[in-house]
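Here is the structure we will look at.
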Amino acid sequence: MGGTRFIGRPLVAQLLAAGHSLSLFTRGRQPLPEGVDHIQGDRTTAEGLGLLAGRRFDVIIDSSGRSLDDSRAVIEQTGAPSHRFVYVSSAGVYTDSELWPLDEDAPIDPASRHAGKADTEAWLRAEAIPFTSFRPTYIIGAGNYNPVERWFFDRIVHGRPVPLPGDGTTITQLGHVDDLASAMVACIGVDAAANRIYNCSGAQGVTFRGLVAAAAVACGKDPAAVEIRSFDPSRLDPKARKAFPLRLAHFLTDIHRLQRELAWEPRFDLARSLADSFTNDYALRPPSSPDFSGDEDLLA
């Protein structure tokens, strides 16, 4: 489902390289790689999903479904895949904790904006549909349409101060899109990965201050020359937190299950992830005048 944006691009390339035959269900707005079957439709409409009626697949990969209804509607048309339903969930399903890192059995937050993904996982298990689900933290890389690394690059490249909550020691975790794609491809060939959920991210966490320093290096700047200014996160209205691109609390997951059961290791550490994103994406399409107006509210 998809396959032409962000996660889909390296995923499709790796699946084709592994010899799989692919059908991509897309709206047709992005270029398609050679060697795929294209089903052009909109998954949000009954007419679009109707194009899947009667088609059967060994594997269905859903990287864009956000709610149970999204994925269930696909399976209502195609029937359950004969081998595996591979799903991109989110580590955002976990509730806040005092214990870190979070493993896959950590409590779920029913009020999370990602709760629909946890509902989908529970439904797949209850319906006995073989599935493998991945819960990434923050995924970065070329084509990222979430303003994670770009938010930091914008301020560093333009010589702006970087606002950070508190003292900047909050720990977060980033992973590279190619590593998520490689884990998803690997799970298809591992029988033990059926009905399993995996955290998927980089192997280490990093403080916000450490992230700024690593982003500066990726931009070719001296980290010591980057000005960091502190803001008080408790003074923010919850809706205003979109002015800062990361959770204002610790966000760190344990990826040992994925490493152990799929014999998988991330190829990208933080420095390489940021360097790749800057060189192969940001530097190729830098904004001429980013909007920094939200920074003034944070620092007021």
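Farthest toward the positive end of the dipole of the chain, out of Gly35, Val74, Gly92, is the Cα of Gly35, where the dipole comes from beta carbon charges about the Cα centre.
Computed on the chain, with alpha-carbon pairs under 8 angstrom and 6+ residues apart, the relative contact order is 19 percent.
Taking the C-alpha atoms only, the angle from helix 115-126 to the longest principal axis of the chain is near 30 degrees. With both bridge residues required to lie in the chain, what share of the DSSP beta bridges run antiparallel, to the nearest 5%? In the chain, DSSP labels about 10 percent of beta bridges as antiparallel. Temperature 25 °C, viscosity 0.890 mPa s: under these conditions the Stokes-Einstein estimate for segment 1-115, based on its Kirkwood radius over C-alpha pairs, is 156 µm² per second. Highest average first, the peptides 286-298, 32-44 ordered by how many other beta carbon atoms sit within 10 Å of their residues are 32-44, 286-298. Semi-axis lengths, largest first, of the ellipsoid equivalent to the chain are 34, 21, 19 Å, with √(5λ) applied to each eigenvalue of the Cα gyration tensor. Taking the Cα atoms only, what angle lies between the long axis of helix 68-78 and the longest principal axis of the chain, rounded to 10 degrees? Approximately 30 degrees, to the nearest ten.
Loop-resident GluC sites (Glu not before Pro) (DSSP state other than H, G, I, E or B) in segment 92-122 with no more than 14 further Cβ atoms inside 10 Å of their Cβ: Glu98.
Taking θ as phi - 60° and the Karplus parameters 6.51, -1.76 and 1.60, the scalar couplings of segment 226-234 work out to 8, 7, 10, 10, 8, 10, 8, x, 6 Hz in sequence order, x denoting glycine and proline.
Our summary gives segment 148-300 a relative contact order of 39 percent, counting only alpha carbon pairs under 8 angstrom and 6 or more residues apart. Whole-percent P(r), segment 230-300, all Cα pairs, 5 Å bins from 0: 3, 11, 14, 14, 15, 18, 13, 8, 4, 1. The order of Cys200, Cys187, Cys219, going from fewest to most other C-beta atoms within 10 Å of their C-beta, is Cys219, Cys187, Cys200.
Any read-out appearing in this document is the output of simple, stated calculations on the displayed coordinates, not a laboratory observation. Computed from a prediction, not measured in an experiment: that's the story for all the values here. Ideal geometry is used to build each Cβ from the backbone, glycine not excepted, and the neighbour counts take in all protein chains shown.
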